[in-house]
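Report on one structure; see the data block that follows.
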Amino acid sequence: MKRRLYKPSLSEDTTRTLISVALLAAGAGLMEFLTLTLLINLRHSFYGISMLEKFSDVGRFRTYLIFALTDETYALLTTTKVPDRASKSDFYLYIAILNHFYWITGSVIGAILGSVLEIDMEGMAFVLTALFVVLTIEQYYHSKAVFPFIAAIVAGVVSIVLFSPQNMLLASIIIGTLILLSHEKMVQAKRTSALMADTDQEDGL
């Protein structure tokens, strides 16, 4: 059986670096490189916007919480209820610090073990995907909005059908974003129409 060196779980910064190197090695153009990098990091803008209210009263920890807002930390902060009588700022801080600590120590331990051991890691590449599947399921159970999940599935399926695996990620991000923007615009239009109808009805009375 083929053996290969153990590779530790990749942090987000490492993942972005490897994607950048792969694009450059494949001869990708500058605009493609910049666009993909921007879109991969763009999700943090949405993370930050959705956390404005939660972070509004966390005091001196706010700067660190913003800095430490990874995918996993975001998932926990948006699905985990602050225990009764617990400090909201302390609770958020402990989650962020522990996740930060796990990433760093896990990467260091993995790098050390990988330099001295040879372990068959066949199939382990799916671990990170499985992690995000679990986080998505938890988000679904705690979310009041179902449409974003439908939009993500549609964007993924369309991207798989119409685009190559190399371009699937970029395409799905763009398609998903367009679907969500279009849906939000339609919702706002319906609200405006309903408000105008109520106003006309009140004027008629």
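The values are calculated or read from the model by the stated rules, or taken from the named source; none is laboratory data. If you're wondering where the values come from, they're calculated on a predicted model, not measured in any experiment. Every residue, glycine as well, gets a Cβ built from its backbone with ideal geometry; the counts of neighbours run over all protein chains shown. Just so you know, the surface numbers come from the protein's heavy atoms only, side chains and all, with ligands and any DNA or RNA stripped out. Shrake-Rupley method; radii C 1.70, N 1.55, O 1.52, S 1.80 Å.
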| remark: Checked region 178-188 for anything modelled with pLDDT of 85 or more and either hydroxyl-bearing (Ser, Thr, Tyr) or open to solvent by less than 50 Å² (accessible area, probe 1.4 Å) (or both); matches are ILE179, SER182
| query | Quick one: in region 137-151, which of the residues that are open to solvent by 70 Å² or more (accessible area, probe 1.4 Å) and part of a helix (DSSP H, G or I) is modelled with the highest pLDDT? | reply | ILE150
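Give the number of residues within region 119-136 that are under 30 Å from GLY176 (Cα atoms) and either of a type in the set (A, V, I, L, M, F, W, C) or surrounded by 11 or more Cβ atoms within 10 Å (Cβ to Cβ) (or both). Outline the logic, then answer.
Residues of region 119-136 under 30 Å from GLY176 (Cα atoms): 123-136.
With either of a type in the set (A, V, I, L, M, F, W, C) or surrounded by 11 or more Cβ atoms within 10 Å (Cβ to Cβ) (or both) added as a condition, the list becomes 124-128, 130-136.
Matching residues across region 119-136 total 12.
Suppose we keep only residues that are open to solvent by less than 60 Å² (accessible area, probe 1.4 Å) and assigned to a helix (DSSP H, G or I) within region 57-70. Which one would you say is modelled with the lowest pLDDT? It would help to see each step written out before you state the result.
Residues of region 57-70 that are open to solvent by less than 60 Å² (accessible area, probe 1.4 Å), as a first pass: 58-59, 61, 65, 68-70.
The next check asks that each one be assigned to a helix (DSSP H, G or I); those that pass are 59, 61, 65.
Working: GLY59: 84, PHE61: 88, LEU65: 88.
Once the filter is applied, the top-ranked residue is GLY59.
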| note | Flagged in region 71-118 as of a type in the set (D, E, K, R) and open to solvent by 30 Å² or more (accessible area, probe 1.4 Å), in numbering order, are LYS81, ASP84, ARG85, LYS88, ASP90, GLU118
| If you take the residues of region 44-56 that are touching a residue at least 12 places away in the same chain (Cβ under 8 Å) and part of a helix (DSSP H, G or I), which of them is surrounded by the most Cβ atoms within 10 Å (Cβ to Cβ)? | TYR47
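Filter region 157-177 down to the residues that are more than 20 Å from TYR74 (Cβ to Cβ) and either under 15 Å from the mean Cα position of the chain (by Cα) or small (Gly, Ala, Ser) (or both), then identify the one that is most open to solvent (accessible area, probe 1.4 Å). Give the derivation first.
So in region 157-177, the residues more than 20 Å from TYR74 (Cβ to Cβ) come out as 157-168, 170-171, 174-175.
Within this subset, residues satisfying the condition of being either under 15 Å from the mean Cα position of the chain (by Cα) or small (Gly, Ala, Ser) (or both) are 159, 164, 170-171, 174.
On the way: SER159: 0, SER164: 44, LEU170: 36, ALA171: 10, ILE174: 74 Å².
Only one residue fits best here, namely ILE174.
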| request: With the checklist (1) over 20 Å from the mean Cα position of the chain (by Cα); (2) modelled with pLDDT under 75; (3) open to solvent by less than 50 Å² (accessible area, probe 1.4 Å) in hand, flag the one item ARG4 doesn't pass. | output: (3)
